[in-house]
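The values are calculated or read from the model by the stated rules, or taken from the named source; none is laboratory data. These figures come from a predicted structure and were not determined experimentally. No Cβ is skipped: glycine too gets one built from the backbone with ideal geometry, and neighbour counts run over all protein chains shown. Side chains included, ligands, DNA and RNA excluded: accessible areas come from the protein's heavy atoms. Shrake-Rupley method; radii C 1.70, N 1.55, O 1.52, S 1.80 Å.
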Amino acid sequence: QVQLVESGGGLVQPGGSLRLSCAASGITFSTSSMGWYRQAPGKQREWVATATSGGALTYAASVKGRFAVSRDNAKNTLYLQMDSLKPEDTAVYYCRKSHTNYWGQGTQVIVSS
């Protein structure tokens, strides 16, 4: 059974940082391309970043330079380091095994003073 479990969300002030984690089980994590997505209130879910099995990292323009995606294949865990957070980063953040319908349940991030 595939499980993707996000954690690390919370309330942070503008300019602050958070680190999200996505613990995976039931998949061969080391050979899986993994992505982060987010959905803000009243908006469609959007792609944020991807870490391929080969180590390539790609980002949406809105987060490039502020967010960093990484993975620890030994721990079957995907990370998203989020710095210089803005109110518009407020959303539920999800991880996904790329090109599949395997999603986590999401973790809420609120950026507000």
Here the residues within region 1-42 that are charged (D, E, K, R) and open to solvent by 30 Å² or more (accessible area, probe 1.4 Å) are ARG19
Considering only region 52-78, state which residues are basic (Lys, Arg), surrounded by fewer than 13 Cβ atoms within 10 Å (Cβ to Cβ) and assigned to a loop (DSSP other than H, G, I, E, B).
LYS75
Please name all residue pairs, on different chains or six or more residues apart, with Cβ atoms under 7 Å, provided the first residue is in region 1-30 and is closer than 15 Å to ILE110 by Cβ and the second residue is open to solvent by 30 Å² or more (accessible area, probe 1.4 Å) and among the charged types (D, E, K, R).
GLY8/ARG19; PRO14/LYS86; SER17/ASP83
Could you tell me how many of the residues in region 75-103 are of a type in the set (Ser, Thr, Tyr) and within 14 Å of ARG19 (Cβ to Cβ)?
4
Output the number of residues of region 74-106 satisfying the condition of being of a type outside the set (Lys, Arg) and farther than 26 Å from GLY54 by Cα.
8
Output the residues belonging to region 79-113 that are touching a helix residue (DSSP H, G or I) at 6+ places or on another chain (Cβ under 8 Å) and either surrounded by 22 or more Cβ atoms within 10 Å (Cβ to Cβ) or acidic (Asp, Glu) (or both).
MET82, VAL109
